[in-house]
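> This is the structure, below, for whatever I ask next.
The values are calculated or read from the model by the stated rules, or taken from the named source; none is laboratory data. Since the structure is predicted, the reported quantities are computational estimates derived from the model, not experimental observations. All Cβ positions, even for glycine, are placed from backbone atoms using ideal geometry, and neighbour counts span all protein chains on display. Side chains are part of the model used for accessible areas, which takes the heavy atoms of the whole protein and leaves out ligands, DNA and RNA. Shrake-Rupley method; radii C 1.70, N 1.55, O 1.52, S 1.80 Å.
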Amino acid sequence: NQALIYYSQIQLDLKNDVMSHEASLKAAKTSYFKTDFEWALKQFKELKSANTQLIANDALEYFLLINDNTVADSTQTALKQFAKGDFLIYQNKKQEAISQFQSILKSFKGQEIEAVTMLRLGKVYEGLNDYNSALNQYQQIIDHHNDGIYVDEALFFSAEIYNDKLKDTEKAKGLYEKVIFNHQDSIYFVDARKKYRELRGDKNL
């Protein structure tokens, strides 16, 4: 609650400043962590059109997360559990976050929350340098949620692991290629195309 007061003060004092947008994003995330999803959703909706691309992308991600999972479950039971896991990540309690997300996968198997939970788990495993476990989570999204909104991220994050960490350029190239040809509207499209061309040896990037 104290954090929300400070963020609100920054928003008032620095209107139309980049710092104000950052404060708005942090305030929205704070409300999300508190499971005040209605207010957080309004904030994320406004921030989707922010001038700063990183803020706009971040806001869009949370807007879709809250909106989609509220439509799927009006009680927001799974979403509340997910927000708890996100807060554990924010607190850098990675092992606790893993346990929380694994619990969600068991309790809400096959539901709307499943794919994004796998995505979060993958990123936590990456942070622990457990790349095989991360790849396993992403592969499950690719195999079982291929028509969902998180498959482009699963493909791109997998490609990044193979390219940067495991030095398997052929696997990386194949995954970047799938982003390029199947997900032209992805926010990772430009990066995937650039890295694909680098791996292919193109001189004119």
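> Out of (1) outside any loop (DSSP other than H, G, I, E, B); (2) at pLDDT 95 or above, the odd one out for Glu46 is which?
Here Glu46 meets the rest and fails (2).
> Report yes if Thr35 is in contact (Cβ under 8 Å) with a residue 24 or more places away in the chain and not in a helix (DSSP H, G or I), otherwise no. Show your work before the answer.
Working: in contact (Cβ under 8 Å) with a residue 24 or more places away in the chain: yes; not in a helix (DSSP H, G or I): yes.
The answer is yes for Thr35.
> Okay, next question. For the range 121-143, state whether one or more residues are touching a residue at least 24 places away in the same chain (Cβ under 8 Å), of a type in the set (S, T, N, Q) and part of a helix (DSSP H, G or I).
No - not one qualifying residue is present in the range 121-143.
> What's the number of the condition Ala154 fails, among (1) at pLDDT 95 or above; (2) open to solvent by 50 Å² or more (accessible area, probe 1.4 Å)?
(2)
> Can you spot a residue in the range 161-177 that is free of Cβ contacts under 8 Å to residues at least 24 places away in the same chain, surrounded by 20 or more Cβ atoms within 10 Å (Cβ to Cβ) and of a type outside the set (Ser, Thr, Tyr)?
yes
> Something else: Please enumerate the residues belonging to the range 135-144 that are under 22 Å from Lys84 (Cβ atoms) and surrounded by fewer than 23 Cβ atoms within 10 Å (Cβ to Cβ). Walk me through it before giving the result.
Filtering the range 135-144 down to residues under 22 Å from Lys84 (Cβ atoms) leaves 137, 140-141.
Gln140 - this is the single residue of the range 135-144 that is under 22 Å from Lys84 (Cβ atoms) and surrounded by fewer than 23 Cβ atoms within 10 Å (Cβ to Cβ).
> If I go through the range 38-84 residue by residue, how many of them are under 19 Å from Asp185 (Cβ atoms) and touching a residue at least 40 places away in the same chain (Cβ under 8 Å)?
Summing the residues that are under 19 Å from Asp185 (Cβ atoms) and touching a residue at least 40 places away in the same chain (Cβ under 8 Å) in the range 38-84 gives 4.
> Separate question: Restricting to the range 102-118, what's the tally of residues that are part of a helix (DSSP H, G or I) and either in contact with a Phe, Trp or Tyr (Cβ under 6 Å, 6 or more places away or on another chain) or within 18 Å of Ala72 (Cα to Cα) (or both)? Outline the logic, then answer.
Residues of the range 102-118 that are part of a helix (DSSP H, G or I), as a first pass: 102-107, 114-118.
Okay, now just the ones that are also either in contact with a Phe, Trp or Tyr (Cβ under 6 Å, 6 or more places away or on another chain) or within 18 Å of Ala72 (Cα to Cα) (or both), so 104-107, 114-118.
Residues in the range 102-118 being part of a helix (DSSP H, G or I) and either in contact with a Phe, Trp or Tyr (Cβ under 6 Å, 6 or more places away or on another chain) or within 18 Å of Ala72 (Cα to Cα) (or both): 9 in total.
> Also, quick follow-up: Considering Lys123, Lys94, Lys80, which residue is open to solvent by 10 Å² or more (accessible area, probe 1.4 Å), in contact with a helix residue (DSSP H, G or I) (Cβ under 9 Å, 6 or more places away or on another chain) and over 24 Å from Ala159 (Cα atoms)?
Values: Lys123 fails: over 24 Å from Ala159 (Cα atoms); Lys94 fails: over 24 Å from Ala159 (Cα atoms).
None of the others qualify; the one that does is Lys80.
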